[in-house]
Amino acid sequence: MIKSIVIKSLIQNITVWIISLIAVIPVLLIFINAVKTVSESSSMNFALPRRIQFENFTTVIEKGKLSHSFLNSLMYSSISSFVCIFISAMAAFVLVRNRTRLNRFLYLFIIMGIALPLNYFTLIDVMKWTELLNTRAGIIVLYMVTQIPFSVFIIYGFIGSLPKELDEAGVIDGCGPKRLFFSVIFPMLQPAVVTVFILSFLNTWNEFVLPLYYLNSAQKWPMTLAVYNFFGQFQQSWNLVSADILLTILPIVIIYLLGQRFIIAGMTNGSVKG
Amino acid sequence: MTKRMYPFYFIAIALVFYLVFAVIPSLMGIFLSFTDWNSYSRVTHFIGFDNFATIFSSDENYLHGIKNTIVFTISTIILKTVIGLFLAELVNKKIKFKNLHRVLIFMPAIIPMLVVGIIFKSIFNPEYGLINEALRTIGLGQWTQQWLTDVQWAFKSIIAVDVWKGTGYIMVILLAGLQSISHSYYEAAEIDGATAMMKFRFITLPLLLPALTVTTVLNLLYGLKIFDTVYVLTNGGPGYTTDVVYTQVFSQFSLGSYGVGTALITVLFVIMTILGYVAIRLMSREEYNG
């Protein structure tokens, strides 16, 4: 009896390790090949390099114009996530607290955006009218818009759990709507805000379809497109491609490892209610 | 007080952005899909249902793309749910380093698809790729394939990569669902002499139904919009075998024939509106009941 339990748990532990390994093997492959020479990396495998080639990284940063696209990505993701959270939280706040017929409809109308596809063709016309086509501001606005429905959805659920007495206390102390929201409500939203910020930052950092459609100058490309372009040019040098990939995913892997609690909570939030 | 303290302009800012950049283009798209709109001429003519006739005609390739999109959606829903459920059950057991495994298995979800595509292009490479080399090393050389260029295998490989990337996410949602099931049910069942299979069938599955609904909805909405996985791995090739709706939309965009492309998106828009409406009603059900 005891023996069979030990064997069972051993099998379970081994299975889990194999699966975890399958999940991380591609990433490990990149780590190892990023520090090899061209000939060593010509067949991408797990053979260790004879000497660790750190100069691959400097080569890549120079040739791939990585610092440029890194700053682009940082700007796109942080500004759009930041603004998106503010306007989504404001909207969610009023939608929760003032549940008129119209507002209930508007809530469903906004979160429908989680499902709906963007129309890339007509969006060009809208971008032209608003003079945002092929501009950095345009990409920021589009990223922001794509994150609004999900952010409203998460923050709406969270505000619903805040007692309405908070608002009443604020009103008695003489707050106007802006004061009430920014000094009383918004600070209380911190856990939801952190989650939404990390998720929308990751989503926009990883996104490449919108820049693919709407940014035609390499100067404005985010990291994902830059790395893809780099792969097109240096297909034969897997070591450089790996180094480039490593630098691209390093920021998000770090954010993930630091914030995995929030990320996993956010992704399961609203979906599973005990 | 409600009116004064909860002003409409708080909603209006987000709403206006959403309307201008998401809703209005979609509505314009419905109108323009009945025209011969293209990038070369300023004038557009009303041509009735011609674009839709093109999409649904058997001479063209669009039906193939629609079929592939449906095959992709259904197979990823099944694979991700089954494997995800298996993994969630496994990680929920008394194993060592539980949290570490959860973090590792979820990791593929946060890596950009573009990067995943490049890595798997190397792994799938017929000559030096990891998979074929591993097969040759363990003496299964006859199993090696041209994973991404063989008509038989290309679409299956795409599905495999997507399952690799997406299953961790599904696992995490199902795991949260599993952890919310009270232990007392299982204990009671054990006293009554239930087998592991019976416990799974009569306790786990029914109580996991809300979580399974959510994962199915997420997989469905994701699958129908699939673009990046196909774009980076094969870009629709070899030939047109792995084309899905959105890679066809992108090639219409590059060609400048906006009419057909818009009609394609409109077809998807109508399907997604219906599915999205049903999904949202399902997911926010408690709000109407309570």
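Filter the stretch A:45-60 for residues that are closer than 18 Å to A:GLN236 by Cβ, touching a Leu at 6+ places or on another chain (Cβ under 9 Å) and away from every other protein chain (no Cβ under 14 Å) and give the result.
A:ASN56, A:THR59
Hey, among B:ILE83, B:ILE95, which residue is surrounded by 14 or more Cβ atoms within 10 Å (Cβ to Cβ) and either over 18 Å from the mean Cα position of the chain (by Cα) or not assigned by TED's automatic domain parsing to the domain that holds B:TRP147 (or both)?
Selected residue: B:ILE95, the only one of B:ILE83, B:ILE95 that is surrounded by 14 or more Cβ atoms within 10 Å (Cβ to Cβ) and either over 18 Å from the mean Cα position of the chain (by Cα) or not assigned by TED's automatic domain parsing to the domain that holds B:TRP147 (or both).
Answer yes if at least one residue in the stretch A:142-154 is more than 9 Å from every other protein chain (Cβ to nearest Cβ) and in contact with a Phe, Trp or Tyr (Cβ under 7 Å, 6 or more places away or on another chain), and no otherwise.
For the stretch A:142-154, residues more than 9 Å from every other protein chain (Cβ to nearest Cβ) and in contact with a Phe, Trp or Tyr (Cβ under 7 Å, 6 or more places away or on another chain): present.
For the stretch B:32-52, which positions are in a helix (DSSP H, G or I) and either among the acidic types (Asp, Glu) or farther than 12 Å from B:VAL267 by Cα (or both)? Can you show your working first?
Let us first name the residues in the stretch B:32-52 that are in a helix (DSSP H, G or I), namely B:32, B:50-52.
Residues satisfying the conditions are B:LEU32, B:ASP50.
Just checking, how many residues over the stretch A:124-138 are in a helix (DSSP H, G or I) and without any contact (Cβ under 8 Å) to a residue 12 or more places away in the chain?
So the count comes out to 5.
So that you can scan it fast, the table gives a plain yes or no per residue for (1) within 8 Å of chain A (Cβ to nearest Cβ); (2) more than 23 Å from the chain's Cα centre (by Cα); (3) farther than 20 Å from A:LEU240 by Cβ:
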site	(1), (2), (3)
B:ILE105	yes, no, yes
B:PRO108	yes, no, yes
B:VAL115	yes, no, no
B:ILE123	yes, no, no
B:TYR128	yes, yes, no
B:ASN132	no, yes, yes
B:ILE138	no, yes, yes
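Counting only residues that are of a type in the set (Ser, Thr, Tyr) and within 17 Å of B:LEU209 (Cα to Cα), which one in the stretch B:170-185 is nearest to the other protein chains (Cβ to nearest Cβ)? Steps first, answer last, please.
First, pick out the residues of the stretch B:170-185 that are of a type in the set (Ser, Thr, Tyr): B:180, B:182, B:184-185.
Subsequent filtering for residues that are within 17 Å of B:LEU209 (Cα to Cα) retains B:180, B:182, B:185.
On the way: B:SER180: 4, B:SER182: 9, B:TYR185: 13 Å.
Looking at the filtered set, the residue picked out is B:SER180.
If you go through the stretch B:186-208, how many residues are among the aliphatic types (A, V, I, L, M) and surrounded by fewer than 12 Cβ atoms within 10 Å (Cβ to Cβ)?
3
Go through the stretch B:3-25 and give me each residue that's surrounded by 21 or more Cβ atoms within 10 Å (Cβ to Cβ), part of a helix (DSSP H, G or I) and not hydrophobic (A, V, I, L, M, F, W, C).
B:TYR18, B:PRO25
Can you pull out the residues in the stretch B:239-253 that are more than 10 Å from chain A (Cβ to nearest Cβ) and either surrounded by 22 or more Cβ atoms within 10 Å (Cβ to Cβ) or free of Cβ contacts under 8 Å to residues at least 12 places away in the same chain (or both)?
Of everything in the stretch B:239-253, those that are more than 10 Å from chain A (Cβ to nearest Cβ) and either surrounded by 22 or more Cβ atoms within 10 Å (Cβ to Cβ) or free of Cβ contacts under 8 Å to residues at least 12 places away in the same chain (or both) turn out to be B:THR242, B:ASP243, B:VAL244, B:THR247, B:GLN248.
Could you check the stretch B:223-236 and list, in sequence order, the residues that are assigned to a helix (DSSP H, G or I), more than 10 Å from chain A (Cβ to nearest Cβ) and out of contact with any Leu (no Cβ under 7 Å at 6 or more places or on another chain)? Don't jump to the end; show me each part of the working.
Of the stretch B:223-236, the ones assigned to a helix (DSSP H, G or I) are B:223-224, B:228-233.
Filter once more, so that each one left must be more than 10 Å from chain A (Cβ to nearest Cβ): B:223, B:229-230, B:233.
Across the stretch B:223-236, the qualifying residues are B:GLY223, B:THR229, B:VAL230.
Considering only residues of the stretch A:21-44 that are without any contact (Cβ under 8 Å) to a residue 12 or more places away in the chain and not β-branched (Val, Ile, Thr), which is farthest from the other protein chains (Cβ to nearest Cβ)?
A:SER39
Being free of Cβ contacts under 8 Å to residues at least 24 places away in the same chain and in a helix (DSSP H, G or I) is the filter here, so list the residues in the stretch A:101-122 that pass it.
Within the stretch A:101-122, A:ARG101, A:LEU102, A:ASN103, A:ARG104, A:PHE105, A:LEU106, A:LEU108, A:PHE109, A:PHE121, A:THR122 meet the criteria.
Within the stretch A:66-88, how many residues turn out to be over 20 Å from A:LEU210 (Cβ atoms) and more than 9 Å from chain B (Cβ to nearest Cβ)?
Here the count works out to 2.
Out of all the residues in the stretch A:199-242, which are of a type in the set (A, V, I, L, M) and either at pLDDT below 85 or in contact with a strand residue (DSSP E or B) (Cβ under 9 Å, 6 or more places away or on another chain) (or both)?
Once the filter is applied, which keeps residues that are of a type in the set (A, V, I, L, M) and either at pLDDT below 85 or in contact with a strand residue (DSSP E or B) (Cβ under 9 Å, 6 or more places away or on another chain) (or both), the stretch A:199-242 yields A:LEU199, A:ALA218.
Tell me which of these A:ILE255 doesn't satisfy, since it passes every other one: (1) in contact with a helix residue (DSSP H, G or I) (Cβ under 7 Å, 6 or more places away or on another chain); (2) more than 10 Å from chain B (Cβ to nearest Cβ).
Result: A:ILE255 fails condition (2) only.
Return the residue satisfying two criteria in turn: it lies in the stretch A:243-274 and is in a loop (DSSP other than H, G, I, E, B) and among the polar types (S, T, N, Q), and of such residues it is modelled with the highest pLDDT. Give the derivation first.
Looking only at the stretch A:243-274, we keep the residues that are in a loop (DSSP other than H, G, I, E, B), and these are A:269-274.
Those left that are additionally among the polar types (S, T, N, Q): A:269, A:271.
On the way: A:ASN269: 61, A:SER271: 50.
For the stretch A:243-274, the residue satisfying everything is A:ASN269.
The values are calculated or read from the model by the stated rules, or taken from the named source; none is laboratory data. Everything numeric here is computed off the predicted structure, so don't read it as measured data. Ideal geometry is used to build each Cβ from the backbone, glycine not excepted, and the neighbour counts take in all protein chains shown.
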